[in-house]
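These notes concern the structure reproduced below.
The values are calculated or read from the model by the stated rules, or taken from the named source; none is laboratory data. All values derive from a computational prediction rather than experimental measurement. Here the Cβ is made from the backbone with ideal geometry for all residues, glycine too, and neighbour counts use every protein chain on show. The accessibility values were calculated without ligands, DNA or RNA, using every heavy atom of the protein model including side chains. Shrake-Rupley method; radii C 1.70, N 1.55, O 1.52, S 1.80 Å.
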Amino acid sequence: MIKGFIFDLDGVITDTAELHYEAWKTLSDEMGWDFDREINDQLRGISRMDSLKVILEHNNASLDDETLLELATKKNTIYVASLDSMTAEDYLPGAQELLTHLRSEGFSVALGSSSKNASKVLQQLNATGYFDVIADGYSVSNSKPAPDIFLYGAEKLNLQPEECIVFEDAERGIDAAKTGGFYSVGIGPEERVGHANLRFDSMEKATLFEIKSFFKDLF
Ligand code: BG6
Ligand code: MG
């Protein structure tokens, strides 16, 4: 039986992909690196340092560990500053409605995000109260596609993976959910999250009614 839900943050609750893009773009321009939206899309769900490594690989560049850390920190400073303008108006359409509905029906809810800025984003959205557990970039060391973040969230909710549905917009996030033994809902196009149990183009379509209708034997 489904007792809990675990939500990715960026691209599911709010659309930070554009802010991440702007920050990586600013850094890349400064460094003379090629960076575009297609590469940015490959960074969904992966950690800050892994993202930097993807950009470097694309540019056939390599840097020592100290410089890597310095540049990742620089990108993060730009990104964090851009979060200041985020408000409770910046939920993806449908996300707040679903979180409210899950709360009113008494489901357990966790956040399962690779981001080390998750707490700040939740504060900006005024969304912290929707979550019983917050699993973020500080909770585990192996990032998605490893299932660790979702396993950590489920354990803190006192639930088994098969009692939880994971919401994800990243290909690697769905991989992580499946490897961990969770049911999954993908948010986005077929090419990216078509391997989820259930897929919606956007959060607006992801109502509790639709979810219960699809996973009917589990409720
Ligand atoms: C994920 C985003 O949620 O968090 C990735 O999808 C991002 O794009 C990752 O790289 C890490 O985020 P942060 O905020 O710790 O740099
Ligand atoms: Mg995401």
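Could you give the nm distance between label points at SER141 and GLU30, where each point is 7 Å from its Cα heading toward the beta carbon?
2.9 nm
Could you pull out the pairs from LYS74/LYS156; LYS3/LYS205; LYS3/LYS53; LYS3/LYS74; LYS144/LYS212; LYS116/LYS216 whose alpha carbons sit more than 30 Å apart here?
Correct reply: LYS74/LYS156; LYS3/LYS53; LYS3/LYS74; LYS116/LYS216.
Each residue of the stretch 167-178 in turn: what ³J(HN,Hα) in whole Hz from Karplus with 6.51, -1.76, 1.60 and θ = phi - 60°, glycine and Pro shown as x?
These are the phi-based 3J(HN,Hα) values: 9, 8, 10, 9, 4, 5, x, 5, 4, 4, 4, 5 Hz.
Among ALA154, VAL193, GLY45, whose Cα lies farthest out toward the positive end of the dipole of the chain, if unit charges sit on the beta carbon of Lys, Arg (+1) and Asp, Glu (-1)?
Of the options given, the answer is ALA154.
I'd like to know how the stretch 27-134 sits against the 2.2 N^0.38 Å rule of thumb: what's its Cα Rg over that expected value?
Dividing the Cα Rg of the stretch 27-134 by 2.2 N^0.38 Å gives 1.30.
How much of the accessible area of the stretch 17-83, probe 1.4 Å, is carbon plus sulfur, in whole percent?
48 percent
Residue farthest toward the positive end of the dipole of the stretch 1-104, with Cβ of Lys/Arg at +1 and Asp/Glu at -1: which of THR77, THR26, GLY4?
Going by the Cα projections, it comes out as GLY4.
Distance in nm between label sites at ASN158 and SER213, each 7 Å beyond Cα in the beta-carbon direction?
Reported label-point gap for ASN158 and SER213 is 3.4 nm.
What does the charge dipole of the stretch 1-78 about its Cα centre add up to, to the nearest 20 debye, if the Cβ of each Lys and Arg holds +1 and the Cβ of each Asp and Glu holds -1?
So the dipole magnitude of the stretch 1-78 works out to roughly 360 debye.
Say a site is exposed when it is one of the GluC sites (Glu not before Pro), sits in a DSSP loop, and has at most 14 other Cβ atoms within 10 Å; what is then the longest site-free stretch of the chain?
106-219
Grab the alpha carbons of the chain, take their convex hull, and tell me the volume per residue in Å³.
109 Å³
In the stretch 17-83, how does Rg compare with the Kirkwood Rh, expressed as the Rg/Rh ratio over alpha carbon atoms?
Radius of gyration over Kirkwood radius for the stretch 17-83 works out to 0.91.
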